[in-house]
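Okay, structure first, notes after.
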Amino acid sequence: MKKRGATSTALIGVLIVGLLVGVGITYVAAPSLGISGGNSGLCNGQTITIGALNDLSSTLSVQGAGEQAAEQLAIGDVNTYLQNSGCSLTFSLNSQDYKLDDSTASSIMSTFHSDGVQVVIGPLNSGTAGALLTYADTNHMVLISPSSTSQALAIPNDYLFRTAPSDAAQGQADAKELLAAGAQAVVIVNRDDTYGNGLANATQTWLKVGDPSILIGGPTKYGQTASDFTSTIQTMVSQYNQFAAQVGPAHVAIYIVAFQEYGAILDQVHTQAPQLLNTPLPWFGMDGIAQNTDLSNSSSNVASYSAQVGVYSTLFGILSNNTKSSAFYTRIAGTSAGAKILAGGAFYDFEGYDDVWLAALSIMSAGANNGQDIQKILPSVAANFYGLTGPEALNPAGDRALFPGSGYQIWKVVATGTGSYEWVLAGQWDYATNSISWTSGNAPP
């Protein structure tokens, strides 16, 4: 396989200095992209299709609906930019529901390949990304995932690019958060897949680094398609009681690595072990559920349980204000697309928007809709792109590089006092200082 990284003749000098909501982006080196001067380069009236693998019917469906809405907006903005630049190239989006199922995703990828699709946004989860990797590498199809984070997929020179950092960073952030909350013992539960196992193990490792004497329960694993969590809850109760007797209830935390099934676990705990919903320390989560309205929807009892335990959850992002994302918030406010985007977790859905731009820019920079050429040029494009989620530079494994000013926000569910519930920003983990800070009134008790 060719080594990633553009040659001197392929480097096009893409320098992207801003993303203008509703317009697209501004290029310093637009002529080198073949998008000025009429129908030069790819501007010959053709339509290029970008594929997308979104979960619209399983345990990442809320995020998936938001991803799809953001991707559709991005396609429109890319085409508006090209039209205003005098380029008669059009991009289209073919978004498919892979149902968080590896075999379904494989079948869709085969169809994409037959249809000449060279770049696919997604999949959303690491398990499916890993399952598709050999096919993508063999057939030179570029995958750009906005939310796959397993350390096991941090592989240089492959065809999978991931615009979120690997869970080596989130594990460190989650461990620091748990220790800052006063945990001396942690009951760890996780979905049994590449993502769940990787993040649970990373967090456990960092917990031991931060406090070698900390007590760890588990990780206790449950199947990816599980709907009955009785045995898992029984283990949680046993471990919690054991630790409470050793270090005191005020120092025992519950940490669950899950997707939307987190709500089902809460619901079944309410029935089977309601005492766990009244622990002194809150429960903790991660990016698989942060900001997901499945846990804050007032039409469900799950929202009240979420607010009762807090569900403090980390989500990668820029810790300071990003004017581009702020402008995008304003643009989508009150729209149906905006409701879907914000329901699924703003960072990952905003990243879906950015990923479409990365795909389109890489195709234009390569000068051809050719997977091998796109794979070589994409890191250079990403290194010079500042999107809704900040600088998109990648590390040597093709994953989002952490940067000064980045880190993990910490979100929790609260009751608003009007019978509704919402996610609020409770704090943040700063990458540069490896420190936790809490927003006023939101530190764990």
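The values are calculated or read from the model by the stated rules, or taken from the named source; none is laboratory data. Keep in mind that what you see is a predicted model, and the values were worked out from it rather than measured. Counting neighbours? That spans all protein chains shown, and the Cβs are built from the backbone with ideal geometry, glycine included.
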* Asked: Under 7 Å by Cβ, and 6 or more places apart or on different chains, what pairs join a residue from the range 235-261 that is surrounded by 22 or more Cβ atoms within 10 Å (Cβ to Cβ) with one that is polar (S, T, N, Q) and part of a helix (DSSP H, G or I)?
  -> 255/203
* Structure fact -> The one condition residue 218 fails out of (1) in the same structural domain as residue 267 (by TED's automatic domain parsing); (2) on the phi < 0 side of the Ramachandran plot; (3) in contact with a helix residue (DSSP H, G or I) (Cβ under 9 Å, 6 or more places away or on another chain); (4) not in a loop (DSSP other than H, G, I, E, B) is (2)
* Asked: Given the residues 211, 174, 228, which is the only one that is buried (at least 19 other Cβ atoms within 10 Å of the Cβ) and assigned by TED's automatic domain parsing to the domain that holds residue 412?
  -> 174
* Structure fact -> Residue set 281, 207; condition touching a helix residue (DSSP H, G or I) at 6+ places or on another chain (Cβ under 8 Å), closer than 28 Å to residue 407 by Cα and in a helix (DSSP H, G or I); output residue 207
* Asked: Taking the stated definitions as given, is residue 276 surrounded by fewer than 23 Cβ atoms within 10 Å (Cβ to Cβ), in contact (Cβ under 8 Å) with a residue 12 or more places away in the chain and either closer than 19 Å to residue 222 by Cα or outside the structural domain of residue 409 (by TED's automatic domain parsing) (or both)?
  -> yes
* **the range 407-419, residues that are surrounded by 13 or more Cβ atoms within 10 Å (Cβ to Cβ) and either closer than 12 Å to residue 306 by Cβ or more than 17 Å from the chain's Cα centre (by Cα) (or both)** => 411, 412, 413, 414, 415
* Asked: Name the pairs whose Cβ atoms lie under 9 Å apart, with the first residue in the range 186-211 and without any contact (Cβ under 8 Å) to a residue 12 or more places away in the chain, the second assigned to a helix (DSSP H, G or I), and 6 or more positions between them or separate chains?
  -> 208/175
* To do: Within the range 156-167, identify whether any single residue is of a type outside the set (Lys, Arg) and within 30 Å of residue 250 (Cβ to Cβ), and answer yes or no.
  => yes
* Can you tell me which of 319, 281, 342 is in contact (Cβ under 8 Å) with a residue 60 or more places away in the chain, touching a strand residue (DSSP E or B) at 6+ places or on another chain (Cβ under 6 Å), within 20 Å of residue 164 (Cα to Cα) and among the hydrophobic types (A, V, I, L, M, F, W, C)? -> 319
* To do: Scan 313, 325, 304 and give me the residue that is in a helix (DSSP H, G or I), small (Gly, Ala, Ser) and in the same structural domain as residue 421 (by TED's automatic domain parsing).
  => 304
* Asked: Assuming residue 404 fulfils every condition listed in (1) within 22 Å of the chain's Cα centre (by Cα); (2) without any contact (Cβ under 8 Å) to a residue 24 or more places away in the chain apart from one, which condition is it?
  -> (2)
* What strands (runs of 3 or more DSSP E) completely inside the range 22-139 contain at least 1 residues that are over 23 Å from the mean Cα position of the chain (by Cα) and modelled with pLDDT of 95 or more? -> 47-54, 90-97
